[in-house]
Amino acid sequence: MTSMDSHRFHRQAVSPDEARSRILQHVRPLGAETVPLGEALGRSSAEAAAASHPFPPYRRSAMDGYAVRAMDLPDGAQHEPAVLEVLESLPAGEVPKRVVGTGQASRIMTGAMLPEGADTVVMLEVTETERINGREYVRIRKPVAEGRNVADIGGEFQPGDELFPTGRVIGAGEVALAAAFGHANLQVIRRPRVAILSTGSELLSVDEPLRPGKIRNSNAVMLAALLREAGAEPVLLGHAADDADRAERIIRGALAECDMTITTGGISVGDQDILVDILARWEGTTLFNKVAMRPGSPTTAAVLNGKLLLALSGNPGASFVGFHLFAVPAIRTMLCAEPQPVTIEARLAEPFTKVNAFPRFIRARTEFRDAEIWVRPTGADQSSLMKTIVDADCLLVLPPLKQGIGEGERVTAILLKQGVSR
Ligand SMILES: Nc1nc2c(c(=O)[nH]1)N[C@H]1C(S)=C(S)[C@@H](COP(=O)(O)OP(=O)(O)OC[C@H]3O[C@@H](n4cnc5c(N)ncnc54)[C@H](O)[C@@H]3O)O[C@H]1N2
Ligand code: MOO
């Protein structure tokens with residue numbers, strides 16, 4: 001090691017929580033844009049939506065039957081059936097013309113407006129109809145409680161009730177509510193534009209034939225997929241050779257254009273670890289360049305002109321973990337959602353035997369067994385592995401351990417799919 005290398009080696013490790021909190025100090029919610037309701041799925045609401053009118057907007061029948069006055073029906077003790085004159089037939093969409101009075105009923109279909117005077121709907125199945133002297137009557141033998149099968153005005157929403165809060169990811173339910181209240185367009189938060197640059201002279205494009213000493217750039221498409229899952233828009237900048245000047249120009253351009261920039265590779269102590277050189281000489285602020293964790297201990301973050309640069313490890317497993325621990329909370333903050341990862345308590349499905357000097361975030365999968373959640377690592381915990389990403393739906397969080405941890409022990413895991421905002 002020479003003195004020129006000191007910036008590579010002298011690093012102060014911060015805890016993963018401290019690293020995340022330093023990142024979040026430099027991220028703000030983004031502005032809003034209007035999209036047609038049909039395109040709002042998966043976007044984050046930029047406003048709290050409230051009911052503009054009662055829902056249901058009119059008193060309606062929940063069943064096909066007869067709208068009656070409950071007091072006209074036989075009570076429990078009385079054996080005589082009620083025979084009620086039928087005034088009109090009400091399909092959904094019609095406005096009743098007649099008021100239901102004593103001894104009267106209106107035939108009514110599900111979703112139709114209840115006529116005045118009626119307070120109860122008796123299902124068709126428990127009625128018989130008959131004609132007497134050219135008039136139609138309905139015979140009802142059993143009592144039905146007042147209000148049965150009637151949905152009141154505002155029974156589901158009163159004016160001003162919250163439909164969904166700011167930051168909520170729009171799903172099928174939110175779309176249904178927005179439609180019911182006439183929102184043909186929704187105000188959503190602009191998708192964060194996140195640049196991805198892979199560094200490394202060993203990298204090939206996905207469509208290039210393999211050559212000796214080279215591998216294809218798999219991190220960029222993986223991160224693009226993760227960005228889309230998180231509600232962001234990836235801006236793919238391809239890969240750059242280990243040339244600090246050229247890579248710095250690309251990174252500066254990306255920081256100016258995009259809301260955040262993610263790089264992979266070049267952050268460790270090697271001769272070609274160019275991100276280290278770029279950060280050592282530029283005017284931006286390095287937030288941290290070492291995190292007390294495995295994998296991804298050299299994970300680095302910096303800020304230039306208020307924009308965040310997250311420099312993840314080139315190792316695919318480490319960049320996957322680093323993305324979830326640091327990029328997802330930043331994106332969620334930009335989208336006005338709760339940034340902290342969702343954790344669950346679970347049981348370890350198989351023993352973990354490695355000794356651990358640092359907290360570990362192990363790619364793992366949840367299982368549901370014996371009314372409990374179990375978490376099983378998806379394979380060997382090596383940061384170079386890609387196949388352990390495939391099945392992972394959580395990160396098993398293990399504290400530093402002097403010896404391993406046994407099957408069935410209680411553990412914590414971070415859930416990776418955070419589709420629904422909290
Ligand atoms: N002497 C030391 N060597 C290393 C240390 C250390 O402390 N001392 N740390 C190790 C750890 S831990 C990690 S993590 C890696 C971090 O390395 P870099 O982030 O600098 O990444 P690279 O060296 O550029 O690449 C690592 C590995 O990943 C492959 N890679 C890179 N980019 C891609 C990509 N876009 N798609 C797929 N695979 C990629 C690359 O070929 C390497 O095999 O450093 C350790 N070394
Ligand atoms: O910290 Mo590294 O990502 O273990 O290989």
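Rule-based calculations on the coordinates, nothing more; no lab input. Source: prediction; values computed, not measured. Note: ideal-geometry Cβ built from the backbone for every residue, glycine included; neighbour counts use all protein chains shown.
Shown is the FRET efficiency for residue 282 and residue 236, computed with R0 = 25 Å from the Cβ-Cβ distance and rounded to the nearest 0.05: 0.60. The phi torsions of the stretch 223-232, fed into the Karplus equation with coefficients 6.51, -1.76 and 1.60 and a -60° offset, translate into couplings of 5, 4, 5, 5, 5, 4, 4, 7, x, 9 Hz, rounded to whole numbers, with Gly and Pro shown as x.
Need one word for the stretch 1-157: rounded, prolate or oblate. Basis is the Cα gyration tensor (sqrt eigenvalues a ≥ b ≥ c); a/c below 1.5 gives rounded, then a/b vs b/c decides. Note, shape of the stretch 1-157 comes out prolate.
Which of rounded, prolate or oblate describes the stretch 60-151 when judged by the alpha-carbon gyration tensor and an a/c cut-off of 1.5? Cα axes put the stretch 60-151 in the oblate bin.
Shown here for the stretch 343-422: GluC sites (Glu not before Pro) in loop regions (DSSP other than H, G, I, E, B) with at most 14 other Cβ atoms within 10 Å, namely 407, 409.
Farthest towards the positive end of the charge dipole of the chain, among the residues 297, 175, 398, is the Cα of 297, using unit charges on the Cβ of Lys, Arg, Asp and Glu.
Please list the equivalent ellipsoid semi-axes of the chain, computed as the square roots of five times the alpha-carbon gyration tensor eigenvalues, in descending order and whole angstrom. Please report the intermediate quantities before stating the final value.
On the way: eigenvalues 809, 126, 58 Å².
For the chain, the ellipsoid semi-axes come out as 64, 25, 17 Å.
Label positions at residue 218 and residue 12, each projected 7 Å from the Cα along the C-beta direction, are separated by 3.7 nm. For the stretch 299-314, putting each phi into the Karplus relation 6.51 cos²θ - 1.76 cosθ + 1.60 with θ = phi - 60° gives couplings of 3, 10, 9, 8, 10, 10, 6, x, 9, 8, 10, 10, 9, 8, 5, x Hz, in residue order, rounded to whole numbers and with x for Gly and Pro.
When the chain is treated as a GNM with alpha-carbon contacts under 10 Å, the residue of 91, 234, 339 showing the greatest mean-square fluctuation is 91. Which of the three applies to the stretch 175-293, rounded, prolate or oblate, going by the alpha-carbon gyration tensor with a ≥ b ≥ c and a/c under 1.5 meaning rounded? Taking the square roots of the gyration eigenvalues as a ≥ b ≥ c, the stretch 175-293 is prolate. Subtracting the Cα-Cα distance of residue 158 and residue 128 from their residue separation scaled by 0.36 nm leaves 7.1 nm.
Could you tally the net charge around residue 60, taking each other residue with its Cβ under 15 Å from the Cβ of residue 60, Lys/Arg +1 and Asp/Glu -1?
Cβ neighbours under 15 Å give a net charge of -3.
Annotation: amide H of residue 347 within the under-5 Å range of 373, 374, 375, 411, sequence separation 5 or more or interchain, hydrogens built in the peptide plane. Residue 152 sits among other residues whose Cβ lies under 13 Å from its own Cβ, and their net charge, with Lys and Arg +1 and Asp and Glu -1, is 0.
The count of lysine pairs in the chain with alpha-carbon distances below 30 Å, taking only pairs 8 or more places apart or on different chains, stands at 14. Neighbours of residue 222, meaning other residues whose beta-carbon lies under 13 angstrom from its beta-carbon, give a summed charge of +3 when Lys and Arg score +1 and Asp and Glu score -1.
Over the Cα atoms of the stretch 275-346, compute the convex hull volume and normalise it per residue, giving Å³.
It comes to 99 Å³ per residue, whole-number rounded.
Here's how it looks for residue 288: its modeled amide H is under 5 Å from those of 301, which are all 5 or more places away or on a different chain. Entry note, the chain: the mean residue ellipticity at 222 nm calculated from DSSP H runs of n ≥ 4, each adding -39500 (n - 2.57), is -4500 deg cm²/dmol after division by the residues and rounding to the nearest 500. The stretch 311-364 and the stretch 12-60 have Cα centres separated by 22 Å.
Among 299, 129, which comes first, then next, by fewest other beta-carbon atoms within 10 Å? Provide the component values of the computation, followed by the final result.
Details: 299 26, 129 12.
Lowest count first: 129, 299.
Using only side-chain charges placed at the Cβ, +1 for Lys and Arg and -1 for Asp and Glu, the dipole size of the stretch 60-151 relative to its Cα centre rounds to 100 debye.
For the stretch 80-116 and the stretch 180-226, what is the separation of their C-alpha centers, rounded to whole Å? After rounding, the separation between the Cα centres reads 60 Å. Taking θ as phi - 60° and the Karplus parameters 6.51, -1.76 and 1.60, the scalar couplings of the stretch 335-348 work out to 9, 6, 9, 4, x, 5, x, 7, 10, 10, 9, 8, 10, 6 Hz in sequence order, x denoting glycine and proline. Counting neighbouring Cβ atoms within 10 Å and putting the fewest first, the residues 267, 344, 278 line up as 344, 278, 267. The magnitude of the dipole of the chain, with charges of +1 and -1 set on the Cβ of Lys/Arg and Asp/Glu and taken from the Cα centre, is near 1020 debye.
Please give the length that would be gained between residue 210 and residue 292 if that part of the chain were fully extended, namely 0.36 nm times their separation in residues minus their C-alpha to C-alpha distance (nm, one decimal). Can you show the working numbers first?
Details: separation 82, 0.36 × 82 = 29.52 nm, distance 3.53 nm.
Full extension from residue 210 to residue 292 adds 26.0 nm.
Near the amide H of residue 40, within less than 5 Å, lie no amide hydrogens of residues on another chain or at least 5 residues away, with H placed in the peptide plane.
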